[in-house]
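The values are calculated or read from the model by the stated rules, or taken from the named source; none is laboratory data. On a predicted model such as this, the values are computed, not experimentally measured, just so you know. Using ideal geometry, Cβ is built from the backbone for each residue, glycine included, and neighbour counts are taken over all protein chains shown.
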């Protein structure tokens, strides 16, 4: 997964080469695009803030603190809320550097509005919110472009505006469904990079695409396949 993050900058600078240079550029209609959400920054020396609610109950001991039905917020240096986690249960480690989560719903904000909503069964906040790990039945919905992404594992890095996706990754849009081995979603740019055994199926026209690496740029309404791309008619939709 680390090679995806380190290569990200080089991929973004890649120009639209012709097919002689091994790069295939496919222009899609608006209905073929999909994306994900805005990133969140917070101070590394400031732990996530817990917002009290009437339904909260808590207990503590020498080893941990437990909160139920609580909200954890992430803010930038100016105090603006950039991310929010609503959880059924949060278990804080004694030093407060990690938080175990159960039954979570996450909201990502941009200009004060929710742009992405993500749900999952379990999760872990590490390093005072620098890294958030999500597991089991993860569903992310981007309100900006109607993209829905599902996976079994995800890692959100707020300072880097990056969401890393692994295991049973699939994404759907009104005219497109795609599966892949792993992917990275750049939340501010609404760009999804996919790698490994990629299969994409469109409804109109009915096509099936296969490749090993794709950059999906939502605002530009375009996909870029740096490697060979196989396109076949999708007879099942005829």
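Among the residues of segment 213-221, are any under 30 Å from residue 84 (Cα atoms), buried (at least 21 other Cβ atoms within 10 Å of the Cβ), touching a residue at least 40 places away in the same chain (Cβ under 8 Å) and under 10 Å from the mean Cα position of the chain (by Cα)?
Looking for residues that are under 30 Å from residue 84 (Cα atoms), buried (at least 21 other Cβ atoms within 10 Å of the Cβ), touching a residue at least 40 places away in the same chain (Cβ under 8 Å) and under 10 Å from the mean Cα position of the chain (by Cα), one finds none in segment 213-221, hence no.
For residues that are assigned to a strand (DSSP E or B) and surrounded by fewer than 18 Cβ atoms within 10 Å (Cβ to Cβ), tally how many sit in segment 90-118.
Number satisfying all stated conditions: 9.
Has segment 119-129 got any residue that is under 30 Å from residue 234 (Cβ atoms) and touching a strand residue (DSSP E or B) at 6+ places or on another chain (Cβ under 9 Å)?
No, segment 119-129 contains no residue that is under 30 Å from residue 234 (Cβ atoms) and touching a strand residue (DSSP E or B) at 6+ places or on another chain (Cβ under 9 Å).
Look through segment 103-114, keep the residues that are more than 20 Å from residue 78 (Cα to Cα) and under 14 Å from the mean Cα position of the chain (by Cα), and return whichever of them is modelled with the highest pLDDT.
Result: 105.
For segment 189-210, indicate whether the set of residues that are modelled with pLDDT under 85, closer than 24 Å to residue 101 by Cβ and out of contact with any helix residue (DSSP H, G or I) (no Cβ under 6 Å at 6 or more places or on another chain) is non-empty.
no
Filter segment 125-140 for residues that are part of a strand (DSSP E or B) and either surrounded by 16 or more Cβ atoms within 10 Å (Cβ to Cβ) or touching a helix residue (DSSP H, G or I) at 6+ places or on another chain (Cβ under 8 Å) (or both) and give the result.
The first filter runs over segment 125-140 and keeps only residues part of a strand (DSSP E or B), leaving 125-126, 131-140.
Once the filter is applied, which keeps residues that are part of a strand (DSSP E or B) and either surrounded by 16 or more Cβ atoms within 10 Å (Cβ to Cβ) or touching a helix residue (DSSP H, G or I) at 6+ places or on another chain (Cβ under 8 Å) (or both), segment 125-140 yields 125, 131, 132, 133, 134, 135, 138, 140.
Could you check, for segment 143-150, whether at least one of its residues is in contact (Cβ under 8 Å) with a residue 40 or more places away in the chain and over 18 Å from residue 217 (Cα atoms)?
no
Residue-by-condition table, conditions (1) assigned by TED's automatic domain parsing to the domain that holds residue 228; (2) assigned to a loop (DSSP other than H, G, I, E, B); (3) under 10 Å from the mean Cα position of the chain (by Cα):
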position: 150; (1), (2), (3): no, no, yes
position: 185; (1), (2), (3): yes, no, yes
position: 188; (1), (2), (3): yes, yes, no
position: 194; (1), (2), (3): yes, no, no
position: 199; (1), (2), (3): yes, no, no
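Of the residues 188, 195, 153, which is touching a strand residue (DSSP E or B) at 6+ places or on another chain (Cβ under 7 Å), closer than 24 Å to residue 117 by Cβ and surrounded by fewer than 22 Cβ atoms within 10 Å (Cβ to Cβ)?
Every option except 153 fails the conditions.
Pick from segment 37-89 the residues that are touching a helix residue (DSSP H, G or I) at 6+ places or on another chain (Cβ under 6 Å) and modelled with pLDDT of 50 or more: which of them is surrounded by the fewest Cβ atoms within 10 Å (Cβ to Cβ)?
47
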